[in-house]
Amino acid sequence: RRLLQEQVIQRTRSLQDAAQIAEKSSHAKGDFLARMSHEIRTPMNGLAGMAELLGNTALDKHQRRMLRTMRSSADALLEIINDVLDFSKIEAGHLQILSEDFPIRGLLEEVCELLASRAAAKNLELVVDVPAGVPSHANGDPLRIRQVLINLIGNAIKYTDQGEVVVRAAV
């Protein structure tokens, strides 16, 4: 009986040690992902900003097409980096969800304005529809909702070959 108790105690300690090692490893991975995401995001934002400035200069048709590709690629990489950063925050237990009022129409229009060039490049119409009766404001995390909208609308544009993409709010 004493031998069995000692074995149980020894195995419990081993399991506790293994759990601590796994937890430290998980935190280290989360910290690494957060740091790397941040370090990569800073120059990517610089590239996106410079592409935006370059777009305000006189460019020929070929240069404009290359610039659109560059901006699209930079935006796609920023989305991936933001997703990795969010994932690392979730794993580390540090993801903060905001609860604040935000204008529904304003958020939808902002996101659609951001994606309008993608739609225009495919000759698609991007429409925002907020019918009367939809409250002017909602309460939630506008940053996360914006991310979700960018992903959903971006995919709708990507997989739509002709016509329009309608973003409609409803109660």
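List of remarks:
- With every protein chain in place, the chain: carbon and sulfur % of accessible area (1.4 Å): 57
- Considering only alpha-carbon pairs that sit under 8 angstrom and 6 or more positions apart, the relative contact order computed for the chain is 22 percent.
- Leu126 long-range amide H proximity, modeled H, under 5 Å: Val165
- Within a Gaussian network of the chain (alpha carbon springs, distance under 10 Å), most fluctuating of His94, His137, His62: His62
- Orientation-averaged projected area, Cα convex hull of the chain (nm²): 15.6
- Between Asp101 and His62, the FRET efficiency estimated from the beta carbon spacing at R0 = 41 angstrom works out to 0.35.
- Computed over the chain, the per-residue total of -39500 (n - 2.57) for DSSP H runs of n ≥ 4 gives a 222 nm mean residue ellipticity of -25500 deg cm²/dmol, rounded to 500.
- Å² per residue, accessible surface of the range 89-129 at 1.4 Å: 63
- Just so you know, the Rg over Rh for the range 44-127 is 1.06, from Cα atoms, with Rh as the Kirkwood radius.
- Entry for the range 80-171 at q = 0.16, 0.18 Å⁻¹: log10 I(q)/I(0) = -0.74, -0.88, Debye formula applied to identical alpha-carbon scatterers, no solvent contribution.
- Potential extension, Ser25-Thr160 segment - 0.36 nm per residue separation minus Cα distance: 44.3 nm
- Positive-end ranking of Val127, His94, Met44 along the dipole of the range 41-141, with charges on Cβ about the Cα centre, is headed by Met44.
- Approximate spin-label separation Met70-Glu113, in nm, with each point projected 7 Å along Cα-to-Cβ: 2.4
The values are calculated or read from the model by the stated rules, or taken from the named source; none is laboratory data. Nothing here was measured: the structure is a model prediction, and the numbers come from that model. Don't worry about glycine lacking a Cβ; one is built from the backbone with ideal geometry, like all the others, and counts go over all protein chains shown. For the accessible areas, the whole protein counts, side chains as well, though only heavy atoms, and no ligand, DNA or RNA atoms are used. Shrake-Rupley method; radii C 1.70, N 1.55, O 1.52, S 1.80 Å.
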